[in-house]
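Encoded as structure tokens, the structure appears first; notes follow it.
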Amino acid sequence: MHCPILIAVVIWSSCVDSQKIRGISLSYKRFYRERKSFLCIDGSKLIPFDQVNDDYCDCADGSDEPGTAACPDGRFYCTNLGYRPHYIPSSRVNDAICDCCDASDEYNSHTACQNTCRNLGQRERAEVKSQMRALDQGLRLKQQLIEEGVLTWRDKQAQLRDLQRVLDDLQTQLDDLRKEDARRKKEVDALRELEIGALETEENSHRSHIMNESPVSIFYELDSNRDGRLSAKEVRAKLTDIQDGERVLSEDEAVIRGRVPGRLVKGEPVLKAAVSAAEKAAAELKKVEDAYETVYMEIRDLREKLATDYGPEREFLFLYNQCFQLKVHEYFYELCPFNQVTQTSASGAEVSLGKWGSWAGSPQHRYSQMKYENGEPCWQGPTRNTVVTLTCGTETALRSVKEPGKCQYVAEFQTPVACRPALRQQGVHSEL
Amino acid sequence: MAAFIVRMGPVLMLWLAVCVSGSWAVDRGNFKTCDQSTFCKRQRALKPGQSPYRALLETLELTNTKLTLQLINDNNKVRLLLELYRLQGNMTRVKINELKPLKPRFEVPDVLINDPPTEPLSLLSQDENGMVLSLGADSQRLIVSAKPFRLDIMEGREVLLSLNSRGLLAFEHLRIRKDTLADPEGAEKKEETDAASEQTEGEEATKEDEKVEDGMWEETFKSHTDSKPNGPTSISLDFSLPGVEHVYGIPEHADTLKLKTTDGGEPYRLYNLDVFQYELFNPMALYGAIPVMLSHSPQRTMGLFWLNAAETWVDISSNTAGKTVFGQMLDYVQGSSETPQTDVRWISESGIIDVFIMLGPTPTDVFAQYASLTGTQAFPPLAALAYHQCRWNYNDQEDVAAVDQGFDQHDIPYDFIWLDIEHADGKRYFTWDPHKFPQPKEMLQGLEDKRRKMVAIVDPHIKVDNSYKIHSEIRSRGFYIKNKDGGDYEGWCWPGNSGYPDFTNPEMRAWWASMFAYDQYEGSRENLYTWNDMNEPSVFNGPEVTMHKDAVHGNWEHRDLHNIYGLYVQMATAEGLIQRSGGVERPFVLTRAFFAGSQRYGAVWTGDNAAEWDHLKITIPMCLSLGLVGVSFCGADVGGFFKSPSPELLVRWYQTGAYQPFFRAHAHLDTPRREPWLFGPENTALIREAVRQRYALLPYWYQLFYHAHRTGQPVMRYSLWVEYPQDTATFSMDDQFLLGRDLLVHPVTEEGARGVTAYLPGNGEVWFDVHTFQKHNGGQNLYIPVTMSSIPVFQRGGSIIPRKVRVRRSSSCMEHDPYTLYVALSPKRFAQGELYIDDGHTFSYEKQKEFIYRRLAFANNTLSSRNLAPGSQFTTLSWIEKIVILGASKPSKVTLKMPDGKESQLEFDFDASMSVLTLRKPGVNAGVDWTVVLQ
């Protein structure tokens, strides 16, 4: 390996020719041309040139000591050949901690720093490369997902239209059935009115055998408050003598709804038929009502979901109805995007860490963070909430969940749709 | 955090039941009033008057070292033994015990650093009414009056202090239980009766004994019953201080520096307690207890050290306190002969009367006297004086790394990051949570790479869990405190059911110390230090959230030694940290509970305060009080523990904390995160600046602590009466303080403050604003406009303060950095200061005399550095980079002269508007002699 030697030579030679101007970047070199005197960059003071980097702070702006720790808010330029050059606070010069990968900050401490720039550079380039690969792949996947999203969106719209049509149909049916049902009920009521009238006249004389013969009259007899229902109390009051002494009639057993006394009217064929027709109509009505309700709810849900902001190209639509899990030690986390975040402990107790709130990224990158709010309240604290940060990757998965402050969760959610072409620029920038 | 709630749910609920009141404040009902503590009630029921005690002069024995004399209580004929010692350094020790107690009464061990050396007493005169003894030098005499018994210490014609002058000496002697409840074993009873009958006039004594009051043999508070097998054992004594209007000390209370009179209210209570959300400005007991009171008048400063570790109450009354201004004026006009006087009364539940009277006469003398008894402040590693970042809790290794990184990103220095109870595996101290902290050594190495350190908590409650090594070892060795029935005492604390090691047992302490060895404490490294919390001890389900008084430590009840338990925990821990390094490294241990002598083992903090402005204010008197009684290394949680501070309060707290000895931010688990950079760039910059001011001043802090360690002088002093003992105007002021002699700090503790009024002491002195270098005259109240940028700090004219202005990311990184000397001239153009340098962390300064200690003096236009410790040797890489002379005039030439005769001219810069002369780069090594001459 002769590369390290080459780098060492380069550094050595650069040291020789810039002894006085250690710690500055090329662009600042013009301020430090070797002359008799040096003008502080802010123009505040003129000092002899040999007071530049002499380990004493003369300029208020720290510009006379770019290569030492003498000035309080100075900065030191790490050239970091082979890696990324950058500034460090001058207080990190000669503090026995290696900050610049080229070791240039520790020229006068007892710490032997290795030049690690080449390794770092290689590693970073490799990383950037793989990131770029991932980004490219991610962007391709994102495009697919956007296209799928368009289809899904159309499907959903179509579904909504279909459902709306179904709902309209059901509405029509409902109107008809409600009329039919009302008619049937009226018929039954009329017939029953007749029957009861007839029975009442016979009531007194036939009391004893009526007890054995007519269930309607028994019902009537028991229904002491005439509300069309038998309560346990009423039955108990009348039937104490036929109780077996151990069993007590429960409320459920005792209540017989006045609406369905049909079973009690075995003996009356006309009434029986009418009642059964009414029952049928009612059942039919119930069925359609249920269907209506179901479809109505479905439409409402769908509308709500379609009203959610799925990103400028609806690229996040595919997450709709999906959930992602992650186990962190004894906890099991689940993120259902646009719905909720939950935590389940080993004991099986599930806690809501927040319900879908809004996109919460910075104004430039609104879609880089999601906020889930109003989860379960904390002991002596606010309600739990979760901020989900979306990162670019080739897979869609929940990567981490943490709780940096009590009941304030942060999660990392990786997905191709978080990939942005702008990331490529950033990556290229850091690539040397 | 959720995990916490799930696991700690039952504990919290219990704790809640024990501690939490509906409103935001302490639940006073959880803690006893004097009336609810039956011995206090009994003692307080005694009113001043004729004392039943009489000195039996014929029993006098006078030896070279002490005088002994019997006292008799004429009501019950029980005899007491009085021992009087004249101690070296102008102190008198008065011990009173029963002449023949049924069994020994507890005398507090391990507090005095040695058997105090005595001086001979001599009998000057004696008659049937009493005797006069000479207290050695000066004209001090001790007068013993026989009937009633009374002691007066006089100097010339003046009474300095009287004992039992109000007749409140009361000694509940040990007795045999006579009421129906008790039926001691026959043999025991017989033996005790024999012992009792040995006393003269034993029969009469028995009669007196039969008066049994409620609470003498059993006492119930809330649901807890104290079995009191020894019956009533309390003691009390009163002291009168003629000419004294100001008394201080007896921490820990969240109250003003000047102690208030307690007539008609509660006495000050000393009983180490874990008080949840403590209230300000009242005499309730808190986490620590130091039974030392200082009295001060322009003529004299004195101290009383009541060496007793049982529950103690202190009553204070004053003959001037009740007077209106009009009344005082009337006294003045009429020439009232009544001199002001403060009366103090101490009441303790058990033990003996053992009181040290420190006769001053100056504040410095009293500090030296107290230090000669109990030792001085431990000299901390330099890094411990830097900034500490704490939170309950830094969640895991990643969190620690991120916070560490945050400090670097925002260029804020820090030295220590702290881990609270969640770091351990199920609150099993000495272990690490395997998920959150799987690689503690790697984490510590990461901090070491930045030259930073960590503190992990180790509390004295040990989880009862047979698979936990610490528990099983303590149990098998029989080191746990026992309950009254002889089993291991168990109580509820953070880990759930817990045992409490008996730290009063030296074998237990030795074993505990050995647990800090690197091969015992897994995951520990050199840069891991320790924090002892909950060592009052806190017992969530115990009476007053602490241990049952009838718990047993060997031969003694917990009642006898409660207040010293916390001291022993810190003692054993500090010893462990010393031992793990083979005796090389200085330890750093923080404790919440403390007692007299705790200063020898590390730092204390004021416990669980709150993010409120008043809590910021109270930090000043609380730490000043501790400083007066030896504990200089004191601090309060910056930002407040409970609740969440506004950014303004947080910034003001950082600015104040930067000038208080122990500088640590801490926060409760339930509070939102508050690392310094979370409140916007402006507040980040303000906090950065506050922390940097601290770091620049570290050389001065270190030197103050060296001084405190050597002499016992407090680091954070009450400005006026410690340094300006004649300046009565401000004897009660506690909103500002001095650091050492030379820095006056006036924190801003009002929300939205636009200005503060600081008192600059010293007629004829001058003070320089350290931010602007503006000069102000002493002896005046000065209104200073303030902005958010800083708090007023002044340097005394006549002082020289060394700083290291190259603030780096940790104090270790600044080790070899050069010094800047700030020379503030007095009106007579004089100044002096010191410079202390050593390796910053080992005992070599002590063992090998490896340190630099120099006197810096400016006089006759000449500034020089001279060696103050010729026997010492140490070499430093640090040099003098700049000298800033405040209040100077412009010289024509500045010459640096070295001892070898070499001379060189120094460049300088003179700012005429502020009269500031800056000498450029003398460049001399900080450890050598040099002279700078202004011409």
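Remarks
- When residues of region B:667-704 are limited to those that are over 23 Å from B:GLN736 (Cα atoms) and crowded, with 23+ Cβ neighbours inside 10 Å, the one nearest to the other protein chains (Cβ to nearest Cβ): B:ALA667
- Checklist (1) part of a strand (DSSP E or B); (2) surrounded by fewer than 19 Cβ atoms within 10 Å (Cβ to Cβ) applied to B:THR787, failing item: (1)
- Those helices (runs of 4 or more DSSP H) of region B:523-632 in which at least 3 residues are surrounded by 23 or more Cβ atoms within 10 Å (Cβ to Cβ) and touching a Cys at 6+ places or on another chain (Cβ under 9 Å), considering only elements entirely within it, cover B:613-628.
- Whichever residue in region B:814-837 is in contact with a helix residue (DSSP H, G or I) (Cβ under 8 Å, 6 or more places away or on another chain) and within 14 Å of chain A (Cβ to nearest Cβ) and, among such residues, is surrounded by the fewest Cβ atoms within 10 Å (Cβ to Cβ): B:TYR819
- Hey, B:GLU279 closer than 20 Å to B:LEU624 by Cα and part of a loop (DSSP other than H, G, I, E, B) or not: yes
- Within region B:396-412, the presence of at least one residue that is within 14 Å of chain A (Cβ to nearest Cβ), on the phi > 0 side of the Ramachandran plot and not β-branched (Val, Ile, Thr) is confirmed.
- Residues within region B:487-513 that are out of contact with any helix residue (DSSP H, G or I) (no Cβ under 7 Å at 6 or more places or on another chain) and either at pLDDT below 95 or in a helix (DSSP H, G or I) (or both), tallied: 5
- Within this structure, A:PHE38 passes the test of being more than 13 Å from chain B (Cβ to nearest Cβ) and assigned to a strand (DSSP E or B).
- Residue match in region B:910-920 (condition: outside any strand (DSSP E or B), more than 24 Å from B:PHE379 (Cα to Cα), within 14 Å of chain A (Cβ to nearest Cβ) and within 40 Å of the chain's Cα centre (by Cα)): no
- For the condition in a strand (DSSP E or B) and either hydrophobic (A, V, I, L, M, F, W, C) or under 30 Å from the mean Cα position of the chain (by Cα) (or both), B:VAL94 qualifies.
Table: residues versus (1) away from every other protein chain (no Cβ under 14 Å); (2) in a loop (DSSP other than H, G, I, E, B); (3) among the polar types (S, T, N, Q); (4) touching a Lys or Arg at 6+ places or on another chain (Cβ under 6 Å).
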position	(1), (2), (3), (4)
B:PRO434	no, yes, no, no
B:PHE437	no, yes, no, no
B:GLU448	no, no, no, no
B:MET454	yes, no, no, no
B:PRO460	yes, yes, no, no
B:SER467	yes, yes, yes, no
B:GLU473	yes, no, no, no
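- Picking from residues in region A:379-404 that are within 11 Å of chain B (Cβ to nearest Cβ), surrounded by fewer than 22 Cβ atoms within 10 Å (Cβ to Cβ) and more than 30 Å from A:GLN131 (Cβ to Cβ), the one that is farthest from the chain's Cα centre (by Cα) is A:GLN380.
- Selection status of B:TRP701, part of a helix (DSSP H, G or I), within 30 Å of the chain's Cα centre (by Cα) and over 19 Å from B:LEU257 (Cα atoms): yes
- Verdict on A:GLU376 being closer than 26 Å to B:LYS436 by Cβ and more than 11 Å from chain B (Cβ to nearest Cβ): no
- Where B:HIS707 falls short, out of the listed (1) touching a residue at least 24 places away in the same chain (Cβ under 8 Å); (2) part of a helix (DSSP H, G or I); (3) within 14 Å of chain A (Cβ to nearest Cβ): (3)
- Output for region B:720-770, where each listed residue is surrounded by fewer than 16 Cβ atoms within 10 Å (Cβ to Cβ), touching a residue at least 60 places away in the same chain (Cβ under 8 Å) and outside any loop (DSSP other than H, G, I, E, B): B:THR728
- All positions within region B:500-522 that are surrounded by 24 or more Cβ atoms within 10 Å (Cβ to Cβ) and more than 20 Å from B:LEU273 (Cβ to Cβ): B:TRP512, B:PHE516
- Listed by position, the strands (runs of 3 or more DSSP E) enclosed by region B:102-158 that each have at least 3 residues that are of a type in the set (A, V, I, L, M, F, W, C) are B:130-134, B:140-145, B:150-155.
- Residues that are more than 38 Å from the chain's Cα centre (by Cα), surrounded by 17 or more Cβ atoms within 10 Å (Cβ to Cβ) and not hydrophobic (A, V, I, L, M, F, W, C) within region A:112-137 comprise A:ASN115, A:THR116, A:ARG118, listed in sequence order.
- B:LYS484 satisfies every condition listed in (1) away from chain A (no Cβ under 14 Å); (2) part of a loop (DSSP other than H, G, I, E, B); (3) under 30 Å from B:PRO681 (Cα atoms) except (3).
- Candidate set: region A:41-63, residues that are away from every other protein chain (no Cβ under 14 Å) and among the acidic types (Asp, Glu); chosen: the one surrounded by the most Cβ atoms within 10 Å (Cβ to Cβ): A:ASP61
- When A:THR68 is tested against (1) free of Cβ contacts under 8 Å to residues at least 24 places away in the same chain; (2) within 13 Å of chain B (Cβ to nearest Cβ); (3) polar (S, T, N, Q), only condition (1) is not met.
- Number of the condition not met by A:GLN425 [criteria: (1) part of a loop (DSSP other than H, G, I, E, B); (2) out of contact with any helix residue (DSSP H, G or I) (no Cβ under 9 Å at 6 or more places or on another chain)]: (1)
- Scanning region B:355-371 for residues that are over 16 Å from B:LEU161 (Cα atoms), over 15 Å from the mean Cα position of the chain (by Cα) and surrounded by 21 or more Cβ atoms within 10 Å (Cβ to Cβ) returns B:PRO363, B:GLN369.
- Residue in region A:74-96 that is surrounded by the fewest Cβ atoms within 10 Å (Cβ to Cβ), counting only those that are facing another protein chain (nearest Cβ under 9 Å) and assigned to a loop (DSSP other than H, G, I, E, B): A:ALA96
- In the condition set (1) crowded, with 19+ Cβ neighbours inside 10 Å; (2) of a type in the set (S, T, N, Q); (3) closer than 28 Å to B:ASP909 by Cβ, A:SER37 is compliant with all but (1).
The values are calculated or read from the model by the stated rules, or taken from the named source; none is laboratory data. Predicted, not measured: the structure shown is a model, and the values here were computed from it. Methodologically, a virtual Cβ is constructed for each residue, glycine included, from the backbone with ideal geometry; neighbour enumeration extends over all protein chains shown.
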